[in-house]
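Here the structure comes first, spelled out in structure tokens, and everything after it is commentary.
Just so you know, all these numbers are worked out from the coordinates, no wet-lab data involved. This is a predicted model, so every value here is computed, not measured. No Cβ is skipped: glycine too gets one built from the backbone with ideal geometry, and neighbour counts run over all protein chains shown.
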Amino acid sequence: MGDFGYTLRYFAGDLVPMIVFLGMFLGSGNIVFALGFGISVSVAQLVYALVRGRQIGALQWASLGLLVVFGGATLVTQDARFIMFKPTVIHVMLGAVMLRPGWMERYVPANERDRIRPMLTAFGFIWAGLMFLTAAANAALVAFADPVVWAKFNLLFPPISMVGLFVVQNVYVRARVAVGGHRVRSVI
């Protein structure tokens, strides 16, 4: 799987606490129980990474901080909307970061960056758009939908849309580069 598998493994790892939280909530119907379980998984991932000597990215720390803040507000107020709003904040933060041209270049081997830089910039903006769309949809569901509908949306839409865009981007970039007679490995 090469670069594609490496990137996908870290992407999936970042989604595990949210998937566990949503699965536990849908299975139990108890937001407090699911929240405690989700926080435990997130903390366990960070402890495991620290013990293994792995670097923990700023986004992982920010995600844990937001989980503690919004989770704490949910526990104190007994209002699930606080934790339900957390994905909106994360997606807006991600979208804002993704508006910066060149953010995708670190995911591409150095010898291929110059050749595909314009495509990386364009797809960077497409990724930002997806993040803002997901944030808006999440906010609307927090305001107007049942928590079960919200949970199902977050369990399905963000990961499926991101994996879908990831695949589309890779196929498109590979096809465009192949036209020029070059091969390119996974892009983001």
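Which order do the peptides 102-110, 137-145, 45-53, 17-25 take when ranked by the mean count of other beta-carbon atoms within 10 Å per residue, highest first?
Details: 102-110: 14.7, 137-145: 16.9, 45-53: 11.2, 17-25: 20.7.
The most tightly packed comes first, giving 17-25, 137-145, 102-110, 45-53.
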| remark: Given (1) 1.36; (2) 1.12; (3) 1.19 as possible values of Cα Rg over 2.2 N^0.38 Å, the one from the coordinates is (2)
| Can you give the FRET efficiency for D79 and S28, using 1/(1 + (r/R0)^6), R0 = 30 Å, r = Cβ-Cβ distance, to the nearest 0.05? | 0.95
| query | So what's Rg/Rh here for segment 46-140, counting alpha carbon atoms and using the Kirkwood radius for Rh? | reply | 1.09
